[in-house]
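*Asks:* Pasting a structure below so you can have a look.
The values are calculated or read from the model by the stated rules, or taken from the named source; none is laboratory data. Just so we're clear, the structure is a prediction, and the values are computed from it rather than from any experiment. In this analysis, Cβ positions are derived from the backbone assuming ideal geometry, glycine residues included, and neighbour counts consider all displayed protein chains.
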Amino acid sequence: MSFSSLGLSESLLRAVAEQGYETPSPIQLQAIPAVLDGRDLMAAAQTGTGKTAAYGIPVLEKILKAEPSKEIQTVVLSPTRELAIQVSEEIRRLAKYMHGVKVLPIYGGQEIGRQIRSLKDGVQVIIGTPGRVMDHMRRKTVKMDQIHTVVLDEADEMLNMGFYKDVKYIIDL
Ligand code: AMP
């Protein structure tokens, strides 16, 4: 099974090849078609199995297929800023050939004014820690009306860290 047989666009296939990914990993084979179909999905896999790309690839494909927009279309929630940064770097590499698609990590501890300026430029994918995402939602600098996909990365860890109420607030909107 190849990435091209999953029906991905040329710009995404090019970035995937450039990353050196030859074939989809098992979690990618299962998750990519399901996310493209818009199905709700819960996936469990060890670190190092390609789980970031398992949701990153179909989320970017959905953005490619949608009408061009400067609004946020995907929110990835992450328990820590380190994971948020790491995930945004990987999704950025996958989006390298997608013109006009911006990926932004937003996490607590970083100056909020800087995040607001970046958000105003138009961002399609944000990867954020729950508290900071909620803060932006309250300030209306993050709007949820055009979001088609919400990803809870390391959901178990987020719940262990006491983020249940924040995550619920975000996904209920
Ligand atoms: P993750 O499970 O998301 O932490 O990914 C672990 C590592 O595997 C990352 O460095 C990815 O760049 C890499 N990776 C993801 N998908 C593939 C693939 N299909 N083939 C080879 N490497 C991959």
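*Asks:* Scanning the range 29-54 for residues that are within 20 Å of residue 98 (Cα to Cα) and within 11 Å of the ligand (Cβ to nearest atom), which turns out farthest from the chain's Cα centre (by Cα)?
*Replies:* Only one residue tops the list, namely 32.
*Asks:* Look at residue 74 and say whether it is farther than 25 Å from residue 6 by Cβ and not aromatic (Phe, Trp, Tyr).
*Replies:* On the way: farther than 25 Å from residue 6 by Cβ: no; not aromatic (Phe, Trp, Tyr): yes.
When the stated conditions are applied, residue 74 does not pass them.
*Asks:* Just to be sure, is residue 77 touching a residue at least 24 places away in the same chain (Cβ under 8 Å), in contact with a strand residue (DSSP E or B) (Cβ under 7 Å, 6 or more places away or on another chain), aliphatic (A, V, I, L, M) and away from the ligand (no atom under 15 Å from the Cβ)?
*Replies:* yes
*Asks:* Identify the residue in the range 15-25 that is surrounded by 13 or more Cβ atoms within 10 Å (Cβ to Cβ) and either more than 8 Å from the ligand (Cβ to nearest atom) or of a type outside the set (S, T, N, Q) (or both) and, among all such residues, is farthest from residue 91 (Cα to Cα).
*Replies:* Applying the filter and picking the extreme gives 24.
*Asks:* What about residue 82, is it closer than 22 Å to residue 165 by Cα, within 16 Å of the ligand (Cβ to nearest atom) and either more than 14 Å from the chain's Cα centre (by Cα) or among the aromatic types (Phe, Trp, Tyr) (or both)?
*Replies:* yes
*Asks:* For the range 80-91, what are the residues that are of a type outside the set (A, V, I, L, M, F, W, C) and out of contact with any Leu (no Cβ under 9 Å at 6 or more places or on another chain)?
*Replies:* From the range 80-91, those of a type outside the set (A, V, I, L, M, F, W, C) are 80-82, 86, 88-90; that's our starting set.
If the condition is that a residue be of a type outside the set (A, V, I, L, M, F, W, C) and out of contact with any Leu (no Cβ under 9 Å at 6 or more places or on another chain), then 80, 81, 82, 86, 89, 90 are the ones that fit.
*Asks:* Looking at 69, 88, which one is under 23 Å from residue 141 (Cβ atoms), crowded, with 19+ Cβ neighbours inside 10 Å and of a type in the set (S, T, N, Q)?
*Replies:* The match here is 88.
*Asks:* Further question on the same structure: Name every residue in the range 17-65 that is at pLDDT 95 or above and on the phi > 0 side of the Ramachandran plot, in order of residue number.
*Replies:* Once the filter is applied, which keeps residues that are at pLDDT 95 or above and on the phi > 0 side of the Ramachandran plot, the range 17-65 yields 20, 50.
*Asks:* Also, I was wondering about something else. What's the number of the only condition in (1) of a type in the set (Lys, Arg); (2) within 23 Å of residue 143 (Cβ to Cβ); (3) touching a residue at least 12 places away in the same chain (Cβ under 8 Å) that residue 93 fails to meet?
*Replies:* For residue 93, the failing item is (2).
*Asks:* From 5, 9, grab the single residue that is within 16 Å of the ligand (Cβ to nearest atom) and out of contact with any Phe, Trp or Tyr (no Cβ under 7 Å at 6 or more places or on another chain).
*Replies:* Among 5, 9, only 5 is within 16 Å of the ligand (Cβ to nearest atom) and out of contact with any Phe, Trp or Tyr (no Cβ under 7 Å at 6 or more places or on another chain).
*Asks:* Residue 45: small (Gly, Ala, Ser), in a helix (DSSP H, G or I) and in contact (Cβ under 8 Å) with a residue 12 or more places away in the chain, yes or no?
*Replies:* No; evaluated as a whole, the condition is false for this residue.
*Asks:* Let me ask something else. Examine the range 74-82 for a residue that is hydroxyl-bearing (Ser, Thr, Tyr) and part of a loop (DSSP other than H, G, I, E, B), and state whether such a residue exists.
*Replies:* yes
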